[in-house]
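Chemist: Below are the structure tokens for one structure; questions will follow.
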Amino acid sequence: MKVLITGGSGQLGKELIESKPKGVEIIAKSRSLLNLVSKESCLQTVIEHRPDWIINSAAYTNVEKAEEEKELAYAINSLAPKYFSEALNEYGGNLLQISTDYVFDGKKGQPYLPTDEKNPLSVYGFTKAKGEDYALQILNKHKKVNIIRTSWLISPYGNNFAIKVIKAILKKKELRIIYDQIGSPTSTKLLANACWKTIALKRLKNSIPEIMHVCNSGIASWYDIAFSIADIGSKMKLFDDKYSIHPILSSDYKSKANRPTYSVLDSIKTFKKLSLQQIHWRNSLELILDELKESID
Ligand SMILES: NC(=O)c1ccc[n+]([C@@H]2O[C@H](COP(=O)([O-])OP(=O)(O)OC[C@H]3O[C@@H](n4cnc5c(N)ncnc54)[C@H](OP(=O)(O)O)[C@@H]3O)[C@@H](O)[C@H]2O)c1
């Protein structure tokens, strides 16, 4: 089975490549060979490789910058999934589109179900929501698309929140972290497993909902995550225990993009459907810090 992975240099893309199941041939191209801004590039890649699946994990992920680069974010997050969907519709193959909790406005106050109405607050959220819509419009009639929404990725890769916090603690910086935005941290390992399991079950003709939510169990604020990184990291002796982390309100943080204050995703049904164990985010964080330990030493 051939699987084209976009965004192979990103956090999730790296994990997907690392956790590739037996019997899967991966096609992963750098941006210079597959640029999602180009319709031609998306189409030609499908024609050349005829993948059985595309896992579209690439995205314009800078939520702040997207407010200024609306057209670029729209091209990458909305139009590329559309072009892939059109090409798969014509030449065969399925799409696994990765999406986000930021398609919601956060006003529900309870964990979001996959069927809840979207109402994004930011350009990033809007463009990801449009990407979902295009993919469903084009491919859902033939059951050739699955959307996995996830949130607050944590991993040992790239320059993500966990790594930024560790670097700041090592530089003895005083950290001020938002505590009034609540979400579900998600380890890329857990998410990559869910992606591969979805594809495996679909191949066995299992019926899988077209939209699923995948995140670790437990909820947290950014402050909770930063505090846990500091707490676990100091117990692991990654740094000493003289860190200084203060909770702040979103209104005390200058930001161009509006973010939902409560974007917890209800993913209990997904884990049942995929027969996977949903582990608590703090346990995943411990594993990530353990992996990072060697690069920090
Ligand atoms: N990070 C989160 O907390 C979070 C939360 C919810 C959902 N998600 C979704 O999860 C997915 C994976 O996120 P991530 O954090 O792993 O992303 P990431 O680390 O920011 O990586 C983004 C990837 O997209 C690629 N990319 C961006 N523009 C491209 C273009 N024009 N052509 C080709 N490739 C391009 C990047 O390639 P380069 O290396 O060349 O830049 C990189 O490989 C995304 O769909 C994202 O929307 C993420």
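Read-outs throughout are calculated quantities, based only on the coordinates presented, and are distinct from any laboratory measurement. Fair warning: this is a prediction, and the values are worked out from it, not measured in the lab. Virtual Cβ from ideal backbone geometry, glycine too; neighbours counted across all protein chains shown.
Chemist: In whole percent, what relative contact order does the chain give with Cα contacts below 8 Å and a gap of six or more residues?
Modeler: It comes to 20 percent, rounded to a whole number.
Chemist: Between K107 and E40, what is the spin-label point distance in nm, taking each point 7 Å from the Cα along the Cα→C-beta axis?
Modeler: If labels sit at K107 and E40, their model points lie 4.4 nm apart.
Chemist: Measure out, as a whole number of angstrom, how far apart the alpha-carbon centroids of segment 226-254 and segment 1-64 sit.
Modeler: So the separation of the two Cα centres works out to 34 Å.
Chemist: Does segment 221-275 come out rounded, prolate or oblate, given a ≥ b ≥ c as the square roots of the eigenvalues of its C-alpha gyration tensor, rounded meaning a/c under 1.5 and, failing that, prolate meaning a/b above b/c?
Modeler: Oblate, since a/c reaches 1.5 and b/c is not below a/b.
Chemist: If you don't mind, another one. Just to confirm the filter: which GluC sites (Glu not before Pro) across segment 1-103 are DSSP coil and have at most 16 other Cβ within 10 angstrom of their Cβ?
Modeler: Answer in residue order: E67, E68, E69.
Chemist: Counting other Cβ atoms within 10 Å, keep those with at most 12, restrict to DSSP loop, and tell me which trypsin sites (Lys or Arg not before Pro) in segment 177-224 are left. Don't skip to the end; give the middle numbers.
Modeler: Details: sites: K189, K197, K202, R203, K205; in loops: K205.
Sparse-neighbourhood loop trypsin sites (Lys or Arg not before Pro): K205.
Chemist: Same structure, new question: At R0 = 22 Å, how high is the FRET efficiency between L72 and S30 if r is their beta carbon distance? Nearest 0.05 is fine.
Modeler: Calculated transfer efficiency: 0.75.
Chemist: Can you tally the lysine pairs in segment 11-89 where the Cα-Cα distance is under 22 Å and the two residues are eight or more apart, or on different chains?
Modeler: Numbers: K14/K22; K14/K29; K20/K29; K29/K39; K29/K82; K39/K70; K39/K82; K70/K82.
Here the count comes out as 8.
Chemist: Which residues does the label zone of K269 cover in segment 129-161, counting backbone N under 16 Å from a point 7 Å along Cα→Cβ?
Modeler: Answer for segment 129-161: 146-150.
Chemist: Loop only by DSSP, 11 or fewer other Cβ within 10 Å of the Cβ. Give me the trypsin sites (Lys or Arg not before Pro) in segment 1-79 that pass, ordered by residue number. If you can, show how the numbers build up before the last one.
Modeler: On the way: sites: K2, K14, K22, K29, R31, K39, K65, K70; in loops: K22, K29, R31.
Loop-located and lightly packed - K22.
Chemist: Turning to a different aspect of this structure: Taking the Cα-to-Cβ direction at N283 and at N159 and moving 7 Å from each Cα, how far apart do the two end points lie in nm?
Modeler: 3.3 nm
Chemist: With 5 Å bins from zero, work out the P(r) of segment 150-297 over every alpha carbon pair and list the percent per bin.
Modeler: Result, from short to long distances: 2, 9, 18, 19, 18, 14, 10, 6, 3, 1, 0 percent.
Chemist: I'd like to verify something in the chain: which complete DSSP H helices, judged by Cα projection on the helix axis, reach 15 Å or more and average at least -1.0 on the Kyte-Doolittle scale?
Modeler: 39-49, 80-91, 123-139, 188-203, 222-235, 281-296
Chemist: Considering amide H positions built from the backbone, and no H for Pro or chain starts, which residues 5 or more places from I248, or on another chain, come under 5 Å of its amide H?
Modeler: Residues meeting the amide H criterion: I177, I178, Y179.
Chemist: Diagonalise the Cα gyration tensor of the chain and give the resulting equivalent ellipsoid semi-axes, square root of 5 times each eigenvalue, largest first, whole Å.
Modeler: 32, 21, 19
Chemist: Let me ask something else about it. Using 0.36 nm times the number of residues separating H142 and I47, minus their current alpha carbon distance, what extension gain do you get?
Modeler: Full extension of this stretch gives 32.3 nm more.
Chemist: Further, regarding this structure: With an 8 Å Cα cut-off and a minimum separation of 6 or more residues, compute the relative contact order for segment 1-154 in percent. Intermediate values should be presented prior to the final figure.
Modeler: On the way: 259 pairs, mean separation 36.1, N = 154.
Result for segment 1-154 is 23 percent.
Chemist: Calculate the dipole size of segment 129-175 relative to its Cα centre from +1 charges on Lys and Arg beta carbons and -1 charges on Asp and Glu beta carbons; express the result in debye to the nearest 20. Intermediate values should be presented prior to the final figure.
Modeler: On the way: 10 positive and 3 negative charges, 29 e Å.
The calculation lands at about 140 debye.
Chemist: Rounded to the nearest 500, what is the 222 nm mean residue ellipticity of the chain from helices alone, with -39500 (n - 2.57) per DSSP H run of 4+ residues and division by all residues?
Modeler: Mean residue ellipticity, 222 nm, calculated: -12000 deg cm²/dmol.
Chemist: Another question about this same structure. Mean separation of Cα pairs under 8 Å and 6+ residues apart, divided by the residue count of segment 217-297: what relative contact order is that in percent?
Modeler: This gives 47 percent for segment 217-297.
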